[in-house]
1. Mind pulling up the Rg/Rh value for chain A? Radius of gyration and Kirkwood radius, both on Cα.
2. Could you give each residue of region B:70-75 its phi-based ³J(HN,Hα) in whole Hz, using Karplus coefficients 6.51, -1.76, 1.60 with θ = phi - 60°, and x for Gly or Pro?
3. Over all residues in B:321-329, what is the mean tally of Cβ atoms on other chains that come within 10 Å of each residue's Cβ?
4. Over the Cα atoms of region A:154-271, Rg to Rh with Kirkwood Rh, two decimal places?
5. Roughly what % of DSSP beta bridges within region B:1-125 run antiparallel, to the nearest 5?
6. For the pair B and A, how large is the buried accessible area, both sides, in square angstrom to the nearest 100, if the probe is 1.4 Å?
7. Taking the Kirkwood radius as the inverse of the mean 1/r across Cα pairs, report the Rg/Rh of region A:1-157.
8. To the nearest 20 Debye, how big is the dipole of chain B about its Cα centre, given +1 on the beta carbon of each Lys and Arg and -1 on that of each Asp and Glu?
Amino acid sequence: MRLELHRVSVRNVLWGDTTKVEDGTLFVNKEEMLSVVRPDERIAKASLELARPGESVRIIPVKDVIEPRCKLSGSGEVFPGFVGGMETVGEGATMVLDGAAVVTCGPIVAFQEGLIDMSGPGSAYSPFSETCNVVFIAEPVEGLDQHSYEAALRESGLKLAWYLADCCRSAKADLVKAYEMEGPVRESALYPHLPKIAYFCMSITQGLLHDTFLYGADMKHIVPTLIHPNEKMDGAMISGNCVSACDKNTTWHHLNDPIVEELYSRHGKDLVFLGVIPTLEDTRLAGKERTSWFNANLARMLGADGVVISEEGYGNPDTDLCMNAAKCEKLGIRTVIISDEAAGTDGKSQGLADATPEMTAFVSAGNVNEMVELPAMERVIGFPESIANLSGGAEESLRKDGSMFVELQAIIGSTNELGFSRIGARWV
Amino acid sequence: MMTKRVVCYINQFFAGLGGEEQAHVPPSSKAGTMGPAMQIDNLLGEDAEVVGTVICGDSYYGENMEKARVECLELVSAFGPDLLIAGPAFNAGRYGVACGDICKEVSERLEIPSITGMFPENPGVELYRSGTYIVPVADSARGMKNALEAIATLAGKMIRGEKLGAAEDEGYISRAIRKNFFHEVSGARRAVDMLLKKLDGVSFNTEYEMPVFKRVTPAPPVMDMSKATIALVSSGGIVPRGNPDHIRVSSAESYGVYDISKLDDLTPEVFESIHGGYDRVWANEDPDTVLPLDIMREMEKEGVFAKLYDHVFTTTGTGTAVSHAERFGREIGERLKKDGVDAVILTST
């Protein structure tokens, strides 16, 4: 499979009469963009706002972040199951508005939603302080249940992201990169002497607004499976969850999966990248056991020598993490884990809710409980009072002047466990 | 910058008073330097001056710990220090314990940093690593030169108020605290590098060693349930509506105790879920789904067990620091035991 990503650089975003990109500036026709998601009987009020890097702006509460992409050629369309149909994606060419993002905003779950600061100390902890954000704020109709509200925001975000890319499809790419790789059998035969590596992309699949979708399928109902990494680049995996902001894999993170990027860049050089195994984090013991046995067996059947395992969330899924590591290691398949830690606000607590001696290679994505001081921002997009209900916040977190003293976990992407950022906890 | 004031603590041997036969000497002090304090003073250069040295016999400290601690603290304090440097103790056990102890005490009471040096296997390390900064040194005074240089380097940074990096980078034995730093490269890159090293059989440094969980022996089973008093405890965050005790939705540092003696059922008018780790839709429609008071009352009436304890204990169990959770368990357990409870049903989410 061969996929070309055509990256069109976006360095600024402005309202305009026509949605297009010109010399690095994305112009957005506000009314036209809103019309893409209207009418929607679930949404009472919808608006769009812009947030640019360096501005004194806070966006809160954030549901998801989606990178504008659309197919230029090749079967299907991005975000299969939502925007695209069910055709397998990951071939041909895809356009990326590199540096732009759609951010969906609205108080759904109340807890576990997050914020983005476009400047100040908080900006260092989120990749979205560096993207030109088009923020979609939607309020539900009276009495709408939370599940419908979440679905409305999720579907809207994806459509809006596609709309932006689609309007700009004729723009000249600043960077074109090809990702080409066949399946695990052929690639392993090409490089018999290189270690074979698979990737378990553990995803929150707990239900009740903590879900992940694969080609539109609710992943809590599937068993672990195998996809080609290119499929992730076309949005095969979508976030539908409101887990702790710090380590939720936003759809943007799935599209720009750094583990996929890293393994791909080394494929044929010091390893063979066998493929991506999207897998579950079931809340029930039977589900955890089924999933971990499946994961290990898939890795074995693929001929994996090693697996990179990323977690999503913390606490309950720490058990799945241990089961995955233990079962693989017992089969002689070596593992490395990327996970964040809940080491307490003082950093003195055990960071994982579970442990297993086989987890000997651990990459830390940071302590989610570490406190950060966030100054007031001149403009707040969304609903600032929701900080009282965010994981990592409390009523006393938000001060009258708008500044806040919160745990790192309140910031979207701050401890992302795909290992996107450079942050990690160390011993002091 | 004003020259900072450093005080050094040494034992009878390094003060030149004698060996084991002088280990019982009580605490004393001298203005200026003595023993290794002299070289420390040289190494600190212009940033700081060793203004005084406190001496105490290792046996005196070890056999009169509370008294020695108070006496030495007073002597140290009299010099008005900005920093205390003790030892280095190398592998001498009593000296290591004394150094660690006085460092911890001084840091806590005077709120100034303290540094000491010990061989990693010195018993003082495990006891005091969290209370001070222990620089790893050789197992004997043959390593004095390197030890003093390492200690002085760290002391210099502290004196100049420089931001410290990870323990490994700063050259001290970690105080068992996790802190966030930005690495040179992404977590994804570090992970693939680590995995390839593991596959190659090349040594690598894991970023987090697996914790060893304490194993608690379970109590023996209840022999006659019909005579038992059962209590309900929950980490599912079910609290009286309005969360009167302001229990946190995540990373809870407290638990609530609520009287349910007059209730047969939890209803949303009176109770709610404040747990930040699961979607509370169903728990808020019927709080019994997480704290099953209704079923317990039914079984109590049927005589399955004798009595439901009058109170429920509740907290939120997401992101809760283990140290807090252990404390909750101990406190709740002690109270339940005192009140004659035989067994607990703990509901978790």
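1. Details: Rg = 20.6 Å, Rh = 21.6 Å.
Ratio value, two decimals: 0.95.
2. Working through the residues one at a time gives 5, 5, 5, 4, 4, 5 Hz.
3. 3
4. Radius of gyration over Kirkwood radius for region A:154-271 works out to 1.01.
5. Here the share of antiparallel DSSP bridges comes out near 20 percent.
6. Chain pair B/A: roughly 5700 Å² of buried accessible area.
7. Details: Rg = 16.2 Å, Rh = 16.6 Å.
Result: Rg/Rh = 0.97.
8. With Lys and Arg at +1 and Asp and Glu at -1, about 660 debye.
The values are calculated or read from the model by the stated rules, or taken from the named source; none is laboratory data. Not measured: the values here are computed from a predicted model. Cβ: placed from backbone, ideal geometry, glycine included. Neighbour counts: every protein chain shown. Calculation scope for accessible area: heavy atoms of the full protein, side chains included, ligands and nucleic acids excluded. Shrake-Rupley method; radii C 1.70, N 1.55, O 1.52, S 1.80 Å.
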